[in-house]
1. I need the phi-derived Karplus couplings for region 53-63: 6.51 cos²θ - 1.76 cosθ + 1.60, θ = phi - 60°, integer Hz, Gly and Pro marked x.
2. Among MET15, MET71, rank each residue by its count of other Cβ atoms within 10 Å, from fewest to most, as a rough exposure measure.
3. Sort GLU60, GLU38 by Cβ crowding within 10 Å, fewest neighbours at the top.
4. So, counting K/R as plus one and D/E as minus one, what does the shell of residues with Cβ under 15 Å around CYS77 add up to?
5. Straight-line reach from LYS61: which lysines fall under 27 Å, measuring Cα to Cα and dropping same-chain residues less than 8 apart?
6. Convert each backbone phi in region 85-100 into a coupling constant with the Karplus relation 6.51 cos²θ - 1.76 cosθ + 1.60 (shift: θ = phi - 60°), then list the ³J(HN,Hα) values in order as whole Hz, x for Gly and Pro.
7. Order these by the 10 Å Cβ neighbour count, fewest first: LYS98, LYS89.
8. How large is the translational diffusion coefficient of the chain in µm² per second when you combine the Kirkwood radius over alpha carbon pairs with Stokes-Einstein at 10 °C and 1.306 mPa s?
Amino acid sequence: MALSLRKDDTVMVMMGKAKGKTGKILKILVDRNRALVEKVNMVKKNSKPTKANPQGGIIEKEASIHISNLMFHCAKCAKGVRVGAKFMKDGKKVRVCKKCGEILDKV
């Protein structure tokens, strides 16, 4: 399955308890069709004391969100948009905003 979202893209959550929040994709879990989004879908996790964290205790971290619940956030439109593909004159394929036509890939 081809994904239109990539690491470091800004996305908007469309469904679930974090609906309407935006954040940057930290990691894509391709095998499970999920993504980790910065400061979105935070969960509390109990951790045992380790050498790295001698205190242990409760830590907060991001949980993954299914890709189908995310939408690319266009800076120009300031909302969630669909992503299309377009070939440039030099033959390079880039992603574009379906609403305003803005090129989304950093060239």
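Read-outs: derived from the displayed coordinates by stated rules, not from any lab. Since we're looking at a predicted model, the values are computed, not measured. All Cβ positions, glycine included, derive from the backbone under ideal geometry; neighbour counts span all protein chains shown.
1. Taking θ as phi minus 60°, the curve returns 10, x, 6, x, x, 9, 10, 10, 9, 6, 9 Hz for region 53-63.
2. On the way: MET15 12, MET71 20.
Going from sparsest to densest Cβ surroundings: MET15, MET71.
3. Values: GLU60 9, GLU38 14.
Taking fewest neighbouring Cβ atoms as first place, the list is GLU60, GLU38.
4. On the way: positive: LYS76, LYS79, ARG82, ARG95, LYS98, LYS99; negative: ASP9, GLU102.
So the environment of CYS77 carries a net charge of +4.
5. By straight Cα distance, LYS61 reaches LYS7, LYS17, LYS19, LYS21, LYS24, LYS27, LYS39, LYS44, LYS45, LYS48, LYS51, LYS79.
6. These are the phi-based 3J(HN,Hα) values: 10, 8, 9, 7, 5, 7, x, 7, 8, 10, 8, 10, 6, 6, 7, 10 Hz.
7. Working: LYS98 13, LYS89 5.
Ordered by Cβ neighbours within 10 Å, fewest first: LYS89, LYS98.
8. Working: Rh = 15.5 Å.
Translational D for this selection: 103 µm²/s.
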